[in-house]
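Here's the structure we're looking at; comments come further down.
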């Protein structure tokens with residue numbers, strides 16, 4: 001007879017644990033929130049002519065030293081390039097120097113390798129007075145082959161965080177040299 005009250009008490013205790021444990025678990029898990037870092041790109045003026053180009057940066061924190069690779073992959077170039085123009089956003093307040101900008105043949109890194117310049121491409125680099133336009137004249141045209149190329153900035157990141165969109169234009173080699181839109185790079189500074 002004494003087993004029945006014990007069994008009834010045990011069943012009630014197990015029922016209470018089964019009901020209260022999800023509630024207690026959710027309360028404790030709300031206090032331990034982990035910040036989520038998601039790769040999200042937002043395009044204000046979504047346009048069908050917009051082409052997203054790949055890029056890589058070594059450091060994305062504001063005011064710190066950074067190396068930014070703006071890639072020109074084989075799929076981004078339909079023909080050889082005589083000239084590359086890049087528009088720089090006005091809000092990207094960085095002191096640009098021709099000595100800290102280079103054009104190179106690049107190996108794009110991944111899981112097992114790092115992004116590195118394989119060969120420097122000799123080029124004339126011009127920066128506009130207001131730092132909003134960069135023009136690169138390679139001494140020999142960049143061919144439309146299976147190699148990837150990159151424009152490399154070695155700069156200090158701006159003091160302001162945000163998204164910065166750079167637009168790339170290329171003058172193709174041929175009978176009639178035409179400057180056309182290559183695509184856009186949108187980098188993030190945290």
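The values are calculated or read from the model by the stated rules, or taken from the named source; none is laboratory data. Computed from a predicted model, the values in this text were never measured in an experiment. Cβ: placed from backbone, ideal geometry, glycine included. Neighbour counts: every protein chain shown.
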Give the range 115-165 a look and list any residue that's at positive phi and touching a strand residue (DSSP E or B) at 6+ places or on another chain (Cβ under 9 Å), or say none. 162
Which of (1) buried (at least 17 other Cβ atoms within 10 Å of the Cβ); (2) without any contact (Cβ under 8 Å) to a residue 60 or more places away in the chain is the odd one out, the single condition residue 172 does not satisfy? (2)
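How many residues, within the range 67-102, are part of a strand (DSSP E or B) and more than 14 Å from residue 151 (Cβ to Cβ)?
Keep residues of the range 67-102 that are part of a strand (DSSP E or B), which gives 67-72, 81-87, 101-102.
Retained after the next criterion (residues that are more than 14 Å from residue 151 (Cβ to Cβ)): 82.
Final tally of qualifying residues: 1.
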Quick check, is residue 108 out of contact with any helix residue (DSSP H, G or I) (no Cβ under 7 Å at 6 or more places or on another chain), surrounded by 11 or more Cβ atoms within 10 Å (Cβ to Cβ), closer than 21 Å to residue 73 by Cβ and modelled with pLDDT under 95? yes
Report every pair of residues separated by at least 6 positions or lying on different chains whose Cβ atoms are under 9 Å apart, first residue within the range 126-141 and free of Cβ contacts under 8 Å to residues at least 12 places away in the same chain, second in a strand (DSSP E or B). 128/134; 128/135
